[in-house]
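Take a look at the structure below.
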Amino acid sequence: MPWTAELWTYKGDLAGAKYELTQQIERLLLRTKCQAMKVALSDMRGNFRKEVSSDYKSNRTHISRPVLFAALRDVLRNQYQAVVLPRLEGDDLVSMWATEPGMDTVVCSIDKDCRGIPGVLYNPMKDSFLDVSAEEADRFFLSQVLTGDRVDGYVGCPGIGPKRAAGLMANVPTADLWHAVIVPAYQTAGLSESTALRNARCARLLRHGEYNPATGEVKLWEP
């Protein structure tokens, strides 16, 4: 709202936002034919990846959040029992739930990082379903170690984009990718395996059994 040439304020329609939020959730349930849902939120106080790399999401510190951001988080927690666990992102929670043995789930997200979760992924923005195998999830994650993710603040291996990463990884068994492709690529760029490992721990979403909710301890990924 521009009150004067120099005085601007923001306002939010909380009632309208709450209505749209509930409608979106109902649409997700109908589209995925799920009988129940769990909502995951990121812990705003800390993130274990920032302990792995100080650069992780450091490029987002200047971004202002929507005016109703905190209010809608409260709606999700109070009305939908949204879950927040210390030091984790919402994507980690979703990944841990989806990989729990015996679970029949659909992950609903527009975030491409969720292609690193084995199982069924629904993208509501594209209205598309993707059935991701365990091997496809692992290969997607390892490709991110090469390409990095500038949105999340880790750059990957210099000079390697998605096309080159796909070419380097082609015809190499998933179990051999770390030592046969990723480490040599980093070394060729003058970087160490420890740099590759740091990026891998930023890129990988946690899976079932890799987090202790009683202590907040994270089992960091190892090659």
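Selection among ILE110, LEU121, SER194 by position relative to the dipole of the chain gives ILE110 as farthest towards the positive end (Cβ unit charges, Cα centre). In this rough spin-label picture, where each label sits 7 Å from Cα along the Cβ direction, the LYS163-GLU135 distance is 2.6 nm. For TYR211, the residues whose amide H sits under 5 Å from its own are LYS219, ignoring neighbours fewer than 5 places away on the same chain, with H placed 1.01 Å from N. The ranking of MET169, MET1, MET37, MET44 by Cβ neighbour count inside 10 Å, starting from the fewest, reads MET1, MET44, MET37, MET169.
Backbone geometry of the stretch 29-44 corresponds, through the Karplus equation with coefficients 6.51, -1.76 and 1.60 at θ = phi - 60°, to 3J(HN,Hα) couplings of 4, 5, 5, 8, 6, 7, 8, 8, 9, 10, 9, 10, 10, 6, 6, 7 Hz, x marking Gly and Pro. Legend: distances between Cα atoms for LYS38/LYS219; LYS33/LYS219; LYS11/LYS50; LYS57/LYS163; pairs beyond 27 Å are LYS33/LYS219; LYS11/LYS50. Please identify the longest segment of the chain free of exposed trypsin sites (Lys or Arg not before Pro), where exposed means a DSSP state other than H, G, I, E or B and no more than 16 other Cβ atoms within 10 Å. So the longest stretch without any such site is 46-125.
Could you tell me which of TRP8, MET44, TYR19 has its Cα farthest along the dipole of the chain towards the positive end, charges placed at Cβ (Lys, Arg +1; Asp, Glu -1), taken about the Cα centre? Working it through, the farthest residue towards the positive pole turns out to be TRP8. As a rough footprinting exposure proxy, the listed residues LEU168, LEU191 were ranked by other beta carbons within 10 Å of their own, and the order from fewest upward is LEU191, LEU168.
Dipole magnitude for the stretch 41-110: about 380 debye, using +1 per Lys or Arg Cβ and -1 per Asp or Glu Cβ, origin at the Cα centre. About its Cα centre, the stretch 14-218 has a charge dipole of approximately 580 debye under the convention of +1 per Lys or Arg Cβ and -1 per Asp or Glu Cβ, with nothing else charged. Of interest is the spacing of the C-alpha centroids, which for the stretch 156-223 and the stretch 58-98 amounts to 26 Å.
Any read-out appearing in this document is the output of simple, stated calculations on the displayed coordinates, not a laboratory observation. Given the structure is predicted, the values throughout are model-derived calculations rather than measurements. Ideal geometry is used to build each Cβ from the backbone, glycine not excepted, and the neighbour counts take in all protein chains shown.
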